[in-house]
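**Q** First the structure, which I've put down as C-alpha cells, then a few questions once you've had a look.
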C-alpha cells in the first residue's frame, strides 16, 4: 500500500485528489483500522464511514505543502476514533446513571472465558487497551504505517512514537498473557 500512497501523493500534488480517489486508495486501510479500534462490527463500520466522510468533507482544505495526504488523513481518522470512543463512554455513563444498565463490578470466571474464546483473543485484548495504545498499534500494524507516519497522525515525533508503540505492545502482551489457556 505504501507504493500506492506514494504514487498517489506524488502524482496528485499539482491536482486535487477527488473524493472517489481518496476512498478508493484509503478505504480498505481505514476499515481495517476501524475494526481494530472498535468493540464490534457495527461500531467499526460507523467509525470507518465517519472517518471517510470527515476526510471527504475536508478534502478542499488539504494543503500538500503542509504534509502528505496520508498524514492528513490518519490524523482525521485518529480523531474520529477518539470521538467515537468518547461517545460510547458517555452513552454508557448515561445508561448507568438512569439505571438501565448496572456497572460491571467484576466478571465471573465463566464470563471471562466466554468473552475470550476463539480467534477474538487478540481483538479483545486490543480493545481493552487505552485508546492511545489501540490507536498506535492499529495505525502501525493494522494499517501498516511506519513510525514517522504514525507520529504524524497522532502528533508525536518518530522517536517518541517508536517508544510509545513499544510500551503499547508490552501492555498488549501482558493482557494476552493473562488470558486463560
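The values are calculated or read from the model by the stated rules, or taken from the named source; none is laboratory data. For clarity, every value in this text was computed on a predicted model and none was experimentally measured. A quick note on method: Cβ atoms are made from the backbone with ideal geometry, for glycine too, and the neighbour counts reach across all protein chains shown.
**Q** Just the residues that are part of a helix (DSSP H, G or I), over 19 Å from the mean Cα position of the chain (by Cα) and within 16 Å of residue 152 (Cα to Cα), please, taken from the range 64-94.
**A** 64, 65, 66
**Q** The conditions are (1) in contact with a helix residue (DSSP H, G or I) (Cβ under 6 Å, 6 or more places away or on another chain); (2) more than 30 Å from residue 24 (Cβ to Cβ); (3) modelled with pLDDT of 85 or more, and residue 169 fails exactly one of them. Which is it?
**A** Here residue 169 clears every test but (1).
**Q** Moving to a separate point now. Filtering the range 168-181 down to residues that are free of Cβ contacts under 8 Å to residues at least 12 places away in the same chain and within 19 Å of the chain's Cα centre (by Cα), which residue is farthest from residue 76 (Cα to Cα)?
**A** Taking the candidates together, the pick is 173.
**Q** Which residues, counting only those in the range 123-167, are under 13 Å from the mean Cα position of the chain (by Cα) and more than 16 Å from residue 81 (Cβ to Cβ)?
**A** 144
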